[in-house]
1. Restricting the first residue to the range A:74-101 and requiring it to be at positive phi, which pairs with a second residue that is open to solvent by 50 Å² or more (accessible area, probe 1.4 Å) meet a Cβ separation below 9 Å and a spacing of at least six or different chains?
2. Which residue pairs have Cβ atoms closer than 8 Å, lie 6 or more positions apart in sequence or on different chains, and pair a first residue in the range A:230-242 that is farther than 13 Å from A:A282 by Cβ with a second residue that is among the basic types (K, R) and assigned to a loop (DSSP other than H, G, I, E, B)?
3. Pairs, please: C-beta under 6 Å, at least 6 apart or cross-chain, first residue open to solvent by 50 Å² or more (accessible area, probe 1.4 Å) and in the range A:354-370, second among the hydrophobic types (A, V, I, L, M, F, W, C)?
4. In the range A:157-171, what count of residues is obtained for those that are under 16 Å from the mean Cα position of the chain (by Cα) and either assigned to a helix (DSSP H, G or I) or small (G, A, S) (or both)?
5. Of the numbered conditions (1) more than 25 Å from B:Y208 (Cβ to Cβ); (2) part of a loop (DSSP other than H, G, I, E, B); (3) within 19 Å of the chain's Cα centre (by Cα), B:V92 fails exactly one; give the number of that condition.
6. Please work out which residue is surrounded by the most Cβ atoms within 10 Å (Cβ to Cβ), limiting yourself to the range A:293-328 and to residues that are of a type in the set (G, A, S) and farther than 13 Å from A:G338 by Cα.
7. State yes or no: is B:L47 under 27 Å from B:E235 (Cβ atoms), within 16 Å of ligand 2 (Cβ to nearest atom) and open to solvent by less than 20 Å² (accessible area, probe 1.4 Å)?
8. Confirm whether A:S361 is more than 11 Å from chain B (Cβ to nearest Cβ), small (G, A, S) and assigned to a strand (DSSP E or B).
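The values are calculated or read from the model by the stated rules, or taken from the named source; none is laboratory data. As the structure is a computational prediction, the values presented were derived from the model and not from experiment. Cβ: placed from backbone, ideal geometry, glycine included. Neighbour counts: every protein chain shown. These area figures cover heavy atoms from the full protein model, side chains too; ligands, DNA and RNA do not enter into them. Shrake-Rupley method; radii C 1.70, N 1.55, O 1.52, S 1.80 Å.
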Amino acid sequence: MDKISQENIDLKMRLIEDFSNFEASLNGQSNEMIHNVRRDAIAYINENGFPTKKFEEWKYTNPANILKNDYVQAFTQPAGDLSGIDVTEVLAESNANVLVFVNGRYESSLSRIVSKGDGIFVGNLSEAYVAHKDLINSHFSKLAKNEKGAFTAMNTAFATDGAVVYAADNVQIPEIIRIINIADARTGTYLSQPRNIFIAGVNAKAMISEEFFTIGENPSLTNMITEVFCGRGSMLEHYKIQNDGANANHVGSTQIKQEADSHYSNTTISWGGNITRNNLQAVFAGNNTECHFFGLYLLSGRQHVDNHTLADHAMPNCYSNELYKGIIADRATGVFNGRIMVREDAQKTNAYQSNNCILLSDDAMNYSKPQLEIFADDVKCSHGATTGQLSDQEMFYLRSRGIPHDEARAMLLQAFAEDVIDTIKDEYLREKLDKKLIEILMSTR
Amino acid sequence: MITLKDLRATVETEEGKKEILKGINLQINAGEVHAIMGPNGSGKSTLASVLTGREGYEVTGGSVEFEGNDLLELEPEERAQHGIFLAFQYPVEIPGVSNTNFLKTAINEIRKSKGMEPMSSVEFLKMMKEKAKLVGLDPSMTSRYVNVGFSGGEKKRNEIFQLAMLNPKFSILDETDSGLDIDALKAVAEGVIKLKTNDNAFLVITHYQRLLNFIVPDFVHVMFDGRIVKSGGKELALHLEENGYDWITDMKETAEA
Ligand SMILES: Nc1ncnc2c1ncn2[C@@H]1O[C@H](COP(=O)(O)OP(=O)(O)OP(=O)(O)O)[C@@H](O)[C@H]1O
Ligand SMILES: [Mg+2]
């Protein structure tokens, strides 16, 4: 038996042991419905184990490199030291909801909830489980099913906390909800598994931003799941901003279900972290849905970011549009795998996708793979991918006007990245991201 | 202001290095306008590229002194900061970068290099308005992306607009007249005339007399196969317009024979 599969088995055994300890600690609650779902999840892992790089879905991102550290599950630890955790910049956005999670645990003392009232819930999972138990039971794990793989099942098995946003039918939440996930890697090597559920009722409206930060230098792994339910005619703006530290790994799965006439827009910005794997999957369960996936990855050093997306056109007359842009320096690697599925009934589908990349060094790589599976005949689909360098001519033009090399480069790269940043509708956040973009571009060689 | 001595340069081509500039001598003083004419491929744009520091050209001999500095030692942006400007023969389009942001950055970088404070937004906008008027550029173009979707003539006008904004000491105009209609040519030329002072100098590369009717040169040089083969006053341009370059070719062949 080779080394990798041996490690895989060790991990499995460790998780099963973790699970029985977890179960024992639940005293009484283990009869809850949610716990049966967890049991199924650990059984799935027991049976299937973790994927290896031999899996087509993991061809460019070796799971062994993500799993190799001896992570301790963060939820088994007592609450950490919150001193040194500074979220003032986020709180400075005065009318924003701010939900802070440290190693997956909700920290109410650092958080601020401004959106309250009838038909609105903004808070954490354990609270939601008390206040809206039926709602949670009827949505938990309905999209992020075990078949999605062992990372998903691992999260489900140990899901204890995360963010929950609920807007009932015809309820619009005017304030942005910023979910700040901080990996505290100062004292240990932790695995955190946030579990988020966003539910928008009929014609409901919300704007949610998931943001990731790291403090400390130890390796960390965040294995997260976000399940998003878009009710009929609802509108959801959803951002994922990855600012993680150099030793932080991330596996995330965002599962979206869109009912008829709903509008969902996702922007994923990745400019931190060591190994990052984002799975973003939307299934269109009703007619006339609109779905946008925007992405920006800005990588240097040996960073690795893998974006796997799926737009699943199960119903007719739906529109999906996807634009992912990468700027890759040094020996960093980007992966884009964009799958568009147009099922037999999904006539009049409009599905577009493009992936554009600028490589800043000879060792930078971008693997771009469009995957179109079309089983309906009356559809409009297109995809395109470009990979190139910065234009020498444009660089010279700017420099010939007195703009120094590095500024000129940052200017061109900013122009390239801007149309993704521009999709962030929250002005405060967008301006911060713009600043950060320029900062990173000025320090990238 | 600028002195070229036996300037030689090669370009890297598929068949290896090719010498394009084969020993250029030229002296331009403050307050002067020089014109360079010469057949296609004789090396006029190459000279402009070498003077502004474009990559891909290797200077293999000679020197260029600009106001006491060894120009060839400087990066392109440093040359611009010292007051060198090129109005490109083929201006590039830069999607995503607005003219305004571009020029503001350029002006402030040039000011920074001189230890000056950045220009205030109010002052900058005022200047934009003023200079756009001076060269007859539709003010709405200033908010668009650099040259993107501009017509050929608009691009050329935008080059002169930038010249007006940056107020360089030494400007090279590379076929600014090509692609301009008669009215635009007049507007641009009149703009240039207004910018001309006793402290700056212009090198105008052109194929046609018509631009030189407006911007009257003090000296006209004929470039042929990487050399300046003849220099004279403004009447030389008229002579070239009437007689073409054959007489120079003939003259050269006779000399070589
Ligand atoms: N980057 C390059 N690669 C290959 N050849 C080049 C390059 N740049 C210039 N040349 C060659 O050098 C010669 C001079 O070109 P240049 O553009 O300087 O001519 P020009 O005098 O400006 O001509 P025109 O009047 O047509 O604008 C030409 O033969 C051209 O093909
Ligand atoms: Mg030319």
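1. Cβ pairs passing all conditions: A:G84/A:R186.
2. As it stands, the answer is A:E237/A:K425, since those pairs meet every condition given.
3. Every condition considered, the pairs that remain are A:Y367/A:V335.
4. Matching residues across the range A:157-171 total 2.
5. It fails just one condition, (1).
6. Just the residues of the range A:293-328 that are of a type in the set (G, A, S), to begin with: A:295, A:300-301, A:311, A:314, A:320, A:326.
Add one more test, that the residue is farther than 13 Å from A:G338 by Cα, and what stays is A:300-301, A:314, A:326.
On the way: A:S300: 20, A:G301: 12, A:A314: 19, A:G326: 28.
Going through the qualifying residues, I end up with A:G326.
7. Details: under 27 Å from B:E235 (Cβ atoms): yes; within 16 Å of ligand 2 (Cβ to nearest atom): yes; open to solvent by less than 20 Å² (accessible area, probe 1.4 Å): yes.
Against the criterion (under 27 Å from B:E235 (Cβ atoms), within 16 Å of ligand 2 (Cβ to nearest atom) and open to solvent by less than 20 Å² (accessible area, probe 1.4 Å)), B:L47 qualifies.
8. No: the conditions fail for A:S361.
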